[in-house]
């Protein structure tokens, strides 16, 4: 499915979301395009997007892929749990008002994952306790 269709879908979704709605966009597989992520940020939506294993990654002008990370089949579960924990920390940052400390006071344009990494970094650098326990389902949560 091309990214232009993802953007059309997002446009339709934005038209029916209530104003001031706090929604999290969960994109599976191919929902990882740069334009889509920019559109999600413009709409003020939080997002988590999976990506293909052959995606090229950049960090400090270094190009690499997931294969370069040498994560084997047995380690994938640990990597998934670590990912969920970092996203959870992103939610902690939002709910406990840490965003203005770790990012900006006027707005937030980071994903939940990026917020979680920043919060973890802040906790580690300031010798603060790190929340390590989380549940995937909250009480009275309908899925």
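All of the numbers you see were taken from the coordinates with simple rules; none came from a lab. Given the structure is predicted, the values throughout are model-derived calculations rather than measurements. Cβ sites come from the backbone with ideal geometry, for glycine too, and all protein chains shown count toward neighbours.
Side notes on the structure shown:
- The distance separating the Cα centre of the range 24-38 from that of the range 62-129 comes to 17 Å.
- Residue with peak Gaussian network fluctuation, the chain [Cα springs, cutoff 10 Å], from 106, 28, 121: 106
- Of all the options 20, 60, 125, the one that moves most in a Gaussian network model of the chain with Cα springs shorter than 10 angstrom is 60.
- Using a simple spin-label model with pseudo-atoms 7 Å out from Cα toward Cβ, residue 107 and residue 17 lie 1.4 nm apart.
- Relative contact order (%) - the chain, alpha-carbon pairs under 8 angstrom, separation at least six: 17 percent
- DSSP beta bridge pairing in the range 1-69, given as percent antiparallel to the nearest 5: 50 percent
- Fully extended contour minus Cα-Cα distance, from residue 69 to residue 34, at 0.36 nm per residue: 10.4 nm
- With the alpha-carbon atoms of the chain aligned to their principal axes, the span from lowest to highest coordinate is 44, 38, 34 Å, starting with the largest.
- Chain lengthening between residue 61 and residue 127 when straightened (0.36 nm per residue, less Cα-Cα): 20.7 nm
- Just checking the listed ones, 24, 102, 130: in the Gaussian network model of the chain with Cα springs under 10 Å, the one fluctuating most is 130.
- Summarising the strand pairing of the chain, around 50 percent of its internal DSSP beta bridges are antiparallel.
- Over the range 1-69, the pair-distance histogram of Cα-Cα distances with 10 Å bins from zero comes to 18, 46, 27, 9, 1 percent, rounded to whole numbers.
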